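**Q** I'd like to ask some things about the structure below.
The values are calculated or read from the model by the stated rules, or taken from the named source; none is laboratory data. Here the structure is a predicted model, which means the values were calculated and not measured. Here the Cβ positions follow ideal geometry from the backbone for every residue, glycine too, while neighbour counts run over all protein chains shown.
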Amino acid sequence: MQLHEPTVVHLRERVRGPVVLWLVDRASVPSALVVQHLLTTFHRSDAQAIVVETEPLPWPERRVLQRFVEELALTSVWLVADLVPGQVEAFEDRAVVVLRRIPDAGLDMIAAALAELIGIREDSCASA
Amino acid sequence: MSEELDDAAALEALIRTRADGYRLEPAATAVADAAALWDRSRQRVVPPDLDPARTAVAQAAERGRFTVPHVEASSRLPGGAAIHEAIGRSVERHLNDLVTQLDAYAAAVNEALAAVLTVLSAGVPHEHPDLVGQLETLQSRLDEFRRATP
């Protein structure tokens, strides 16, 4: 699958910091947002999250999510609703960490571990 | 990266080995705060009740067929019935075209109403984010004032 070029360019030119890609079901999206909130508040203020809706959401649910992002004052979240071909692959190519489910642990623990994993991945990239 | 790559297990492994090292009280508090914000977000987004509109549109669709009314031709005057029938046929001929136009118009209106309903069902929330933002600013200032006032 060819990467979606506009997304690749956008990620390269506009998105700074480590990217965490969330490809989780709709019930897990609020938890992903909370983890991102904790990650940027307590561990990595430069971390970015791309949260892909893996199934279409009815508007009230999507609006609640948008509202939640506003309430958390999250400026580092990209909620992706309508995927185009090659876009997920572009996200995966740019992401430092890819999550397809919420790890089985408290959200504060996940955020802390995520910060450490990002650091490990960045170190291994730097030394490569 | 592989399409199947999932770092959830890697995070769980890290958490198992360093759980105590990850404990951070403010973060635990923030989780509780986020839960409250989630509830607030859900309460503020109330989907409109479209059932009355759906019923009204369905009723309009049922009534959207026009007919030329039947005119009673009987008469007490000699030859009156024949005159009534002749006039009735003449008027009906003129009205048929009008009824056809009205039917077409009603069908178009019904389609338009159904389209509006579809858009509303898909979601056009009526909200003023700027006003909500101003109210929240005022609320937080009021809270600060209350906290500062003995």
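**Q** Take segment A:34-46 and flag every residue that is facing chain B (nearest Cβ under 8 Å) and surrounded by 19 or more Cβ atoms within 10 Å (Cβ to Cβ).
**A** Going through segment A:34-46, the residues facing chain B (nearest Cβ under 8 Å) turn out to be A:34, A:37-38, A:41-42.
Of everything in segment A:34-46, those that are facing chain B (nearest Cβ under 8 Å) and surrounded by 19 or more Cβ atoms within 10 Å (Cβ to Cβ) turn out to be A:VAL34, A:HIS37, A:LEU38.
**Q** Condition test on A:LEU57, is it within 11 Å of chain B (Cβ to nearest Cβ), buried (at least 19 other Cβ atoms within 10 Å of the Cβ) and not in a strand (DSSP E or B)? Show your work before the answer.
**A** Numbers: within 11 Å of chain B (Cβ to nearest Cβ): yes; buried (at least 19 other Cβ atoms within 10 Å of the Cβ): no; not in a strand (DSSP E or B): yes.
Taking the combined requirement at face value, the residue does not satisfy it.
**Q** Among the residues of segment A:70-80, which ones are within 12 Å of chain B (Cβ to nearest Cβ) and either surrounded by 19 or more Cβ atoms within 10 Å (Cβ to Cβ) or within 15 Å of the chain's Cα centre (by Cα) (or both)? Steps first, answer last, please.
**A** First, the residues of segment A:70-80 that are within 12 Å of chain B (Cβ to nearest Cβ): A:70-74.
Residues satisfying the conditions are A:GLU71, A:LEU72, A:LEU74.
**Q** Go through segment B:114-148 and give me each residue that's at pLDDT 75 or above, of a type in the set (Ser, Thr, Tyr) and farther than 30 Å from B:ALA58 by Cβ.
**A** Listed by number, the list holds a single entry, B:THR137.
**Q** If you don't mind, there's one more thing I want to ask. Report those helices (runs of 4 or more DSSP H) wholly inside segment B:1-104 carrying at least 3 residues which are away from every other protein chain (no Cβ under 14 Å), closer than 20 Å to A:SER31 by Cα and touching a helix residue (DSSP H, G or I) at 6+ places or on another chain (Cβ under 9 Å). I'd like the intermediate steps shown before the answer.
**A** On the way: elements: B:8-22, B:25-44, B:51-62.
The helices (runs of 4 or more DSSP H) meeting that bar number zero.
**Q** For residues that are more than 7 Å from chain B (Cβ to nearest Cβ), in contact (Cβ under 8 Å) with a residue 12 or more places away in the chain and assigned to a helix (DSSP H, G or I), tally how many sit in segment A:81-121.
**A** 9
**Q** Can you tell which of B:SER140, B:SER121, B:SER90, B:SER74 is free of Cβ contacts under 8 Å to residues at least 40 places away in the same chain and either loosely packed, with under 10 Cβ neighbours inside 10 Å or closer than 30 Å to A:LEU57 by Cα (or both)?
**A** Being free of Cβ contacts under 8 Å to residues at least 40 places away in the same chain and either loosely packed, with under 10 Cβ neighbours inside 10 Å or closer than 30 Å to A:LEU57 by Cα (or both) holds for just one of B:SER140, B:SER121, B:SER90, B:SER74, which is B:SER74.
**Q** For A:ALA49, indicate whether it is of a type outside the set (Lys, Arg), assigned to a helix (DSSP H, G or I) and crowded, with 20+ Cβ neighbours inside 10 Å.
**A** Values: of a type outside the set (Lys, Arg): yes; assigned to a helix (DSSP H, G or I): no; crowded, with 20+ Cβ neighbours inside 10 Å: yes.
Answer is no for this residue.
**Q** Scan segment B:26-60 for residues that are basic (Lys, Arg) and within 17 Å of B:LEU117 (Cα to Cα) and jot them down. Reasoning before the result, please.
**A** In the first step, residues of segment B:26-60 are kept if they are basic (Lys, Arg); the result is B:40, B:42, B:44, B:54.
Passing the criteria: only B:ARG54.
**Q** Considering A:ARG63, A:ARG16, A:ARG12, A:ARG67, which residue is part of a loop (DSSP other than H, G, I, E, B) and more than 12 Å from the chain's Cα centre (by Cα)?
**A** Values: A:ARG63 fails: part of a loop (DSSP other than H, G, I, E, B); A:ARG12 fails: part of a loop (DSSP other than H, G, I, E, B); A:ARG67 fails: part of a loop (DSSP other than H, G, I, E, B).
Exactly one residue qualifies, and that residue is A:ARG16.
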